[in-house]
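Everything below concerns the one structure shown next.
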Amino acid sequence: MGGASAEGLAELLSELKQRSGRSYEALGRRTGMSRSTVHRYCRGEIVPDNYGTIERIARACGVSKAELDELYRRWTYAIASQEHVGTGTPKSVPPPHIGTAENAPPPDQQVTRENLLDQEAAGRAPEPSASGVISWRSKYIHGRYGFTFLGVALVILCVFVLTASTSPARQPSRQTPQWVNGPSWTLPEAPVPRTLFGVTLNSATGAMPTFRVGAVRLWDGGTRWAEIQPERAVFDWSVLDRHIDGAEKAGLPVLFVAGGTPAWASPAGPPAPYSDGSRAAPPDDLNDWDTFVRAVVKRYRGRIQAYELWVLGNDRRFYAGSMETLAEMTRRASRIIRAADPKATLVCPGMGQLWTDEGRQMLQRFAALGGYGYCDVAGIKLYQRSPTDPPESMLELVTTADRAFHQTGIHPRVWNTGTTYSILLQGPLDETTARNYAVRFFLTGLYARNLNLERMYFYNWGGTKIPIVLQAVGGVPTRAALAVEQLQRWLVHAGSRSCGHGMAINLPENVWQCEVTVTKPGDRHEATIRWTIDGTAETTAGPRVRAVRRLDGTTEAIQPGDAITVTEEPILIESRP
């Protein structure tokens, strides 16, 4: 695509990748890109519009400053050459210096970020480097499309105008995304809610977790519509009663999930993926839906705190009706519940499949129909493409949902209420990874506070045939569960302030963090939860840092300026009051 220019950039990228010993997949995880995207950059098939992308890959490979400058020169020429090819402008810019750091031009003649900014701060036009690369960087920093060079710039501009005036088809010039330095978000301090730490119960016993959690969700535990109402005039409340009683004793708020239409209410409907004969179709007569909702809220008024009005609204295995019907069912249920229990929170039908076009389109359709206007909260299903992918990759789905909401002019509160249907087919993670990923699952929820995400219901509690097991029914909590409990201890008195990652907050590219303020009687101090998305990284203790706490409950006293090694296991870094 960029000819020899792109090849020169790719050649060095590939060399750095080989030297690092990291796979394309590992580099993708460390940089927030897909494996295939990193592979295409290293093969020269594409050249990114902004240098920050190249720099992230390079830093993940552990490069030196001289190598970063060399990469910048090659990227500059590759971009410039592409634009010349696209506009018909002669390639008047000579190729950058290609070679090792030892025979590179002297520092005062190199095009680096530092000397470029120094030149601009002094009011001077950027100067050519010894390698002959005129500073095209000003164009990419400011997004301007004029040339600011003296002498040579006038000649180039004349050629550009003459060529453009005779060219029948001009390609638009590239624009580079703006690079923003700083946290992903900074918001007014707000308490970390206990209910952020939810679990979906996978048991019909009524037993609750024996480690700390903040909320429970009922599904796959004997409470589907078909199980509660096996016949039109028959209700069996025994299992749901056990769950509600158990949650009340544990002081846990309950999210009841509707779904699984009884066979008698939709005889010809496609079967849902359960052995109870339930259907994925809506009932033939929506009055049957009204009767069921009315019966549940009448019996448990004030005892069920929230209602999710269908388990999965955009997955045909769980709901095979139209979005119009789902929106109408939501409207009807909302009217009934609000009349009987005004304090209850209404969660719109959960939306999953957000990695797919169909899943996203159905969510957008429900939003366009005004479905979210009948609820207090939007339910979405967050999960990684693969259980071995880092939990932080779920943030892409939160952003996807947020865009869909924004397009229809709504900004609902958001709860993560589930996962993917295929989770039972996925292999288990090793114990260390399971512990780290369980904790980071909830940290991902904290990180997405700026996108209105309030709760994370882990799927599931009680089951054992899933990648991460927290606790088997009747068993003891796993290391993963105890680590989640430790995270909650860290945050029980905390208010979140900001989250960010990588170079934008002056940390290594693979490092993520969230900043909080801990307020206890007689003690108010700042703290930071920090972890890597992959591998390890070296950071330095700030001027007021006093201790590092770990998930196993141990604490290490440290001094300002001490080295802090960060791994995939989150740590809490405490500062003095």
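Read the figures in this text as sums done on the coordinates, not as results from a lab. Here the structure is a predicted model, which is why all the values come from computation and not from measurement. Positions of Cβ are backbone-derived with ideal geometry, glycine not excepted, and every protein chain shown enters the neighbour counts.
Please quote Rg/Rh for segment 189-479 to two decimal places, taking the Kirkwood radius as Rh and restricting both calculations to Cα atoms.
That ratio is 0.93, to two decimals.
Students often get this wrong, so check it: of Lys249/Lys298; Lys381/Lys465; Lys17/Lys465; Lys249/Lys465, which have C-alpha atoms separated by over 26 Å? Write out the running numbers ahead of the final one.
Working: Lys249/Lys298 21 Å; Lys381/Lys465 19 Å; Lys17/Lys465 37 Å; Lys249/Lys465 28 Å.
Exceeds cut-off: Lys17/Lys465; Lys249/Lys465.
Based on Cβ point charges of +1 for Lys and Arg and -1 for Asp and Glu, what charge dipole magnitude is obtained for segment 189-479 about its Cα centre, in debye rounded to the nearest 20?
I would put it at about 560 debye.
Taking loop as defined by DSSP and a crowding limit of 12 other beta carbons within 10 Å, which trypsin sites (Lys or Arg not before Pro) in segment 524-569 fit? Each step should come with its number before you reach the end.
Values: sites: Arg524, Arg530, Arg544, Arg546, Arg549, Arg550; in loops: Arg544, Arg550.
Sparse-neighbourhood loop trypsin sites (Lys or Arg not before Pro): Arg544.
Assuming R0 = 35 Å, can you tell me the calculated FRET efficiency for the pair Arg316 and Thr540, based on Cβ-Cβ distance, to the nearest 0.05?
Efficiency for this residue pair is about 0.10.
Given C-alpha coordinates of segment 498-575, what is the ratio Rg to Rh with the Kirkwood estimate of Rh?
Across segment 498-575, the Cα-based Rg/Rh ratio is 0.95.
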